[in-house]
Amino acid sequence: MKKVFLTVCAFSMMFSVQAQWKPAGDKIKTQWAEQINPQQVLPEYPRPLIERSMWSNLNGLWEYAIAPRGTSEPASFDGQILVPFCVESSLSGVMKEVGERNELWYKREFTIPSNWKGKNVALNFGAVDWKADVFVNDIHIGSHKGGYTPFSFDITPFLTGKTKHKLVVRVWDPTDRGFQPRGKQVNKPEGIWYTPVTGIWQTVWLEPVSANHITAIKTIPSIESSSLNVTVSTSECKSNDLIEVKLIDKGQVVATAKGLAGNELRLGVENPTLWDTQNPYLYDMKVAIISAGKTVDEVKSYTAFRKISAQRDENGLMRMQLNNKDLFQYGPLDQGWWPDGLYTAPTDEALLYDIKKTKEWGFNMIRKHVKVEPARWYYHCDKEGILVWQDMPSGDMGNRWEPHKYNGGTDKERTQESIDNFYREWKDIMDLCISNPSVVAWVPFNEGWGQFQTEKAAAYTKAYDPSRLVNPASGGNHRPCGDIIDLHNYPGPRMFLFDAERINVLGEYGGIGLALENHLWWDKRNWGYVQFKNENEVTAEYVKYAKELQGMVKRGFSAAVYTQTTDVEGEVNGLMTYDRRKIKINEAEVRKANQSVINELSK
């Protein structure tokens, strides 16, 4: 009888929590929105490259308040918000805008599990847009600026003897009224510009750590020397603490290295299995800190052996190579927006869905457009075997467009604070993805949006990560720098410039529009570069463009990006609708056309 009573109580509590939350507004939603349980929101471990076995997910219902900027913590809060969905999203349960004159406050309580005794406690945020101030038990413990990258605090000194602890987060985000990187967020969405995203939009979690613990793992492979260079960063610099890295293949340790934190360790593997789009082979890793012969911190990770490079072909044309073989890279422009969660996918299954569809359609690459994804998205790309071009989100959006000339690009409208912030956030973004084998190209600028110091930005990017290609300005003001010259043309493919010294790519084209009733963000404000009436017409136009592109491959194009994976708000030029409920193409015909383009180089 007691067991039945407890079961009924647990069910009643769950029902009560769900009754307190529901999606806000009447906009279209994905099928995954229906699967959300407020008590288990995005329950997967959020950082696959540094995974600890013990952790506590803080996603779920928090209190929130919107208050004038500069005021103290509100005495009373406005209601509940479902973290980690931004306050403007439907899935937050709020769907309100904040604006640059206000701040968004979050509050919740948390407890520390009893089996964490003797450990330090790290508080981790996947991403908060844009400036976050964090308070634990009414003590301001730190701040972070940057809307796209993770940050952590060791909160151990601020935990009292109480059972429950208070956590408050204050967020300010000026959206398009500030200089910060923000991608396509604007205060007045229309056309290709979308709804603001303010506040917590990725998982928040706690985990027990040692006083000296692993904070970053950088892995850079060399297929020529069959070696892996690993650099491990830790929270403290202790000369008597050793780092141990074990490389594991199918459960067997195949290489080991030891050294000091911050030093590059080299692990050799005889005849390593290479990672590529057809066989995305991953090796497991274990990384530990050893102090006085005892393991004080240990995490799971993974890596891969692969090489991305540029090389002239038999006709003297610069080509992209994967593992020293020419490969035409072809994929969609993927903006990573969701009608219900905006920047945040409703579930991990949803996050994976777009990647799997891209592979099914015969593509081998994704251009992640002026947005950065949670770490699990890159993990899925690593597992599925799809290449990624990573954009820097645009910001400080002065547009000095001279796209067909080798001049342009200015920093006259940027303050030194804005310039410094650009490089700091870009470095943080590269740090996030630098160990993901799927990421093969960095894109600092898009279409002249906030483009400045192009040569310096390209050189900085290449110096920071010489193992990848640098596409300095996708469709922007073309400057003689970087590895790639990137043209944009709508609707059909076109080669209107050629650079004999760099890789030539078509960074955007297409935009074939189809508005499907009952799957639209807006009823009357929808557009595409060209509009058609049904799936057959869209497919025919897509295949026509693909055949035109195929003819340009031998003439010099080494990659192409089709706009785009899904509809986004008012844009209806996706291969599927914004709610992911309708595919707008004949998938078999598109796959066949895509494979023909990719295979053209191997003929």
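Note on segment 142-168: residues that are in a strand (DSSP E or B) and either crowded, with 19+ Cβ neighbours inside 10 Å or touching a residue at least 24 places away in the same chain (Cβ under 8 Å) (or both) amount to 11. Determine whether Arg108 is touching a residue at least 40 places away in the same chain (Cβ under 8 Å) and either touching a Cys at 6+ places or on another chain (Cβ under 9 Å) or of a type outside the set (S, T, N, Q) (or both). In short, yes. Consider segment 228-256 and keep the residues that are of a type in the set (Gly, Ala, Ser) and crowded, with 18+ Cβ neighbours inside 10 Å. The one that is nearest to Trp116 (Cα to Cα) is Ser235. Within the set Leu333, Leu342, the sole residue that is crowded, with 19+ Cβ neighbours inside 10 Å and in contact with a Cys (Cβ under 7 Å, 6 or more places away or on another chain) turns out to be Leu342. Counting only residues that are surrounded by 19 or more Cβ atoms within 10 Å (Cβ to Cβ) and closer than 17 Å to Ser301 by Cα, segment 210-226 holds 5 of them.
Kindly indicate whether any position in segment 530-538 is aromatic (Phe, Trp, Tyr), surrounded by fewer than 23 Cβ atoms within 10 Å (Cβ to Cβ) and in a loop (DSSP other than H, G, I, E, B).
So far as segment 530-538 goes, yes, one or more of its residues are aromatic (Phe, Trp, Tyr), surrounded by fewer than 23 Cβ atoms within 10 Å (Cβ to Cβ) and in a loop (DSSP other than H, G, I, E, B).
How many of the residues in segment 86-112 are under 16 Å from Leu167 (Cα atoms) and open to solvent by 30 Å² or more (accessible area, probe 1.4 Å)?
Result for segment 86-112: 5.
Scanning for something crowded, with 24+ Cβ neighbours inside 10 Å, in contact (Cβ under 8 Å) with a residue 24 or more places away in the chain, among the hydrophobic types (A, V, I, L, M, F, W, C) and part of a loop (DSSP other than H, G, I, E, B), does segment 431-446 turn up at least one residue? There is no residue in segment 431-446 that is crowded, with 24+ Cβ neighbours inside 10 Å, in contact (Cβ under 8 Å) with a residue 24 or more places away in the chain, among the hydrophobic types (A, V, I, L, M, F, W, C) and part of a loop (DSSP other than H, G, I, E, B). Quick check on segment 192-201. Is at least one of its residues within 28 Å of the chain's Cα centre (by Cα) and among the polar types (S, T, N, Q)? Checked against the condition, which is being within 28 Å of the chain's Cα centre (by Cα) and among the polar types (S, T, N, Q), segment 192-201 yields at least one hit. For segment 448-457, the set of residues classified as over 15 Å from Arg182 (Cα atoms), open to solvent by 10 Å² or more (accessible area, probe 1.4 Å) and either part of a loop (DSSP other than H, G, I, E, B) or not charged (D, E, K, R) (or both) consists of Gln453 only.
Taking the residues in segment 548-583 that are β-branched (Val, Ile, Thr) and not in a loop (DSSP other than H, G, I, E, B) as candidates, determine which candidate is farthest from Lys603 (Cα to Cα). Spell out the reasoning first.
Taking segment 548-583 as the starting set, the residues that turn out to be β-branched (Val, Ile, Thr) are 553, 561, 563, 565-566, 568, 572, 577, 583.
Still in the running and not in a loop (DSSP other than H, G, I, E, B): 553, 561, 563, 566, 568, 583.
On the way: Val553: 11, Val561: 21, Thr563: 26, Thr566: 31, Val568: 36, Ile583: 31 Å.
The extreme case among them is Val568.
Looking across segment 335-389, the residues that are farther than 21 Å from Val572 by Cα and of a type in the set (Val, Ile, Thr) come down to Thr347, Val372, Ile386, Val388.
Pairs linking a residue in segment 463-489 that is on the phi > 0 side of the Ramachandran plot to a residue that is assigned to a strand (DSSP E or B), with Cβ atoms under 6 Å and 6 or more positions apart or on different chains, are Gly475/Asp486; Gly475/His488; Gly475/Gly507; Gly475/Glu508; Gly482/Val470. Within segment 460-494, the residues that satisfy the criterion of being open to solvent by 50 Å² or more (accessible area, probe 1.4 Å) and over 23 Å from the mean Cα position of the chain (by Cα) are Arg479, Pro480, Tyr490, Arg494.
With respect to being farther than 22 Å from Phe151 by Cβ, part of a strand (DSSP E or B) and open to solvent by 50 Å² or more (accessible area, probe 1.4 Å), Gln80 fits the description. Gly99: of a type outside the set (A, V, I, L, M), part of a loop (DSSP other than H, G, I, E, B) and closer than 20 Å to Thr71 by Cα, yes or no? Considered against the rule, which asks whether it is of a type outside the set (A, V, I, L, M), part of a loop (DSSP other than H, G, I, E, B) and closer than 20 Å to Thr71 by Cα, Gly99 comes out as yes.
The values are calculated or read from the model by the stated rules, or taken from the named source; none is laboratory data. No experiment lies behind these values; they were computed from the predicted model shown. Methodologically, a virtual Cβ is constructed for each residue, glycine included, from the backbone with ideal geometry; neighbour enumeration extends over all protein chains shown. In case anyone asks, the SASA skips ligands and DNA or RNA and just uses the protein heavy atoms, side chains included. Shrake-Rupley method; radii C 1.70, N 1.55, O 1.52, S 1.80 Å.
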